[in-house]
Amino acid sequence: MNGFNFLWPDLLWLLLAVPLLVLLYLWLLRRRKRTAVAWASLGIVKEAMGRGTAWRRHVPPLLFLAALVSLLLATARPAAVITLPLVEQTIILAMDVSGSMRAADVEPNRLVAAQNAAKTFIGELPRQVRVGVVSFAGTAAVVQPPTTSREDVVAAIDRFQLQRGTAIGSGIVLSLATIFPDANIDLSQVTGQRPMPGALDEKKPDNAAPVEPGSYNSAAIILLTDGQRTTGPDSIDAARMAADRGVKVYTVGIGTKEGETIGFEGWSMRVRLDEETLKNVASATRAEYFYAGTAEDLKKVYQSLGSRLTAQKKETEITALFAGLGAALAVAAAALSLLWFNRVL
């Protein structure tokens, strides 16, 4: 818990009454002592009070004073930035299924390592978190709409088929359309399917007002890729679309940074991880970029993302905590006073 403050700080002036009460208590103790001296025998007074009770008489007043301080602090409405679990969350896994994912520099290969890490990740998420899966290569496709069924998500990940091309922007745009199904996002360049005649005329434009980047806490995108964009919408333009909707796009780069020559269906090419673009995508959306050079690194990345995506830091009023503490201390003070001295303070 950090970032402690008060919503009504002016009421903290009430705490000035505390030292006055302490002085009043000391004055009463001194007055009581003078009265005791006036007795015929101090021994009689000590015997009447009983041995070992000298310290006890101070405990109830001290507890009552602590209760008063806690209640006065409660009137100023204390608040603190604390980590709270998200009540409702949707996570879209946008995963690269281009031919380069068959490279074996990450054992057993990039695709299998990504599938295994993703399945472990979703298995550790809270059950109320909805998970959707978008695959992208030359085009993008929703292979599993957001659901709380872990079995359906795992089955969708197991169905991945390698294809040619790397359309990173398409993966981001289709993920946004999955999060906001009523946003009328144009997907004609993303899915590779042309709209039906007249569909664009009937379709309402997307007039969503831009919001603060990273401010949308109900959903996030995790984008995993091992190469450079070769087709589809520009990756940075797609990232800006996500930023305008407040959605964070966490990017994960898998494979060697130096690049590798791979062959697929009779052709070969050299693929290299475009870290700069992935860092820019994450930065534009107020998210983070992670590099995973091995299967173990990839698992650690997903573990780290799990803790980030299922909880949020938020300023929360904790007046009830102080009020409850004050009430408990007041009850304790009264109970001890009754038990030891048969009176309430």
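The values are calculated or read from the model by the stated rules, or taken from the named source; none is laboratory data. None of these values were measured; they are calculated from a predicted model. Every residue, glycine among them, receives a Cβ derived from its backbone with ideal geometry; neighbour counts consider all protein chains shown. The protein model used for the area step is the full one, side chains on, heavy atoms only, and it has no ligands, DNA or RNA in it. Shrake-Rupley method; radii C 1.70, N 1.55, O 1.52, S 1.80 Å.
Report the extension gain between residue 27 and residue 155 in nm, rounded to one decimal, defined as 0.36 nm multiplied by the number of residues separating them, less their alpha carbon distance.
Details: separation 128, 0.36 × 128 = 46.08 nm, distance 7.69 nm.
Fully extending the segment from residue 27 to residue 155 adds 38.4 nm.
Sum up the charges of everything whose Cβ sits under 12 Å from the Cβ of residue 167, counting Lys and Arg as +1 and Asp and Glu as -1, but leave residue 167 out.
Details: positive: 164, 229; negative: 96, 234.
With Lys, Arg at +1 and Asp, Glu at -1, the net is 0.
Return, ordered by residue number, the residues of region 206-243 whose backbone nitrogen is under 18 Å from a label point located 7 Å along Cα→Cβ of residue 257.
Flagged as within label range: 225-228.
With a 1.4 Å probe and every protein chain left in place, work out the accessible area per residue of region 88-132 in Å², rounded to a whole number. If you can, show how the numbers build up before the last one.
On the way: 1520 Å² over 45 residues.
I get 34 Å² per residue for this part.
Hey, can you rank 65-71, 159-165 by average C-beta count inside 10 Å, highest first?
65-71, 159-165
Counting Lys +1, Arg +1, Asp -1, Glu -1, what net charge surrounds residue 158 among other residues with beta carbon under 12 Å of its beta carbon? Please list the in-between numbers first.
Working: positive: 119, 159; negative: 151, 152.
Here the charged neighbours net out to 0.
Quick one: length gained pulling residue 11 to residue 189 fully straight, 0.36 nm per residue minus the C-alpha distance?
Details: separation 178, 0.36 × 178 = 64.08 nm, distance 5.87 nm.
Answer, rounded to one decimal: 58.2 nm.
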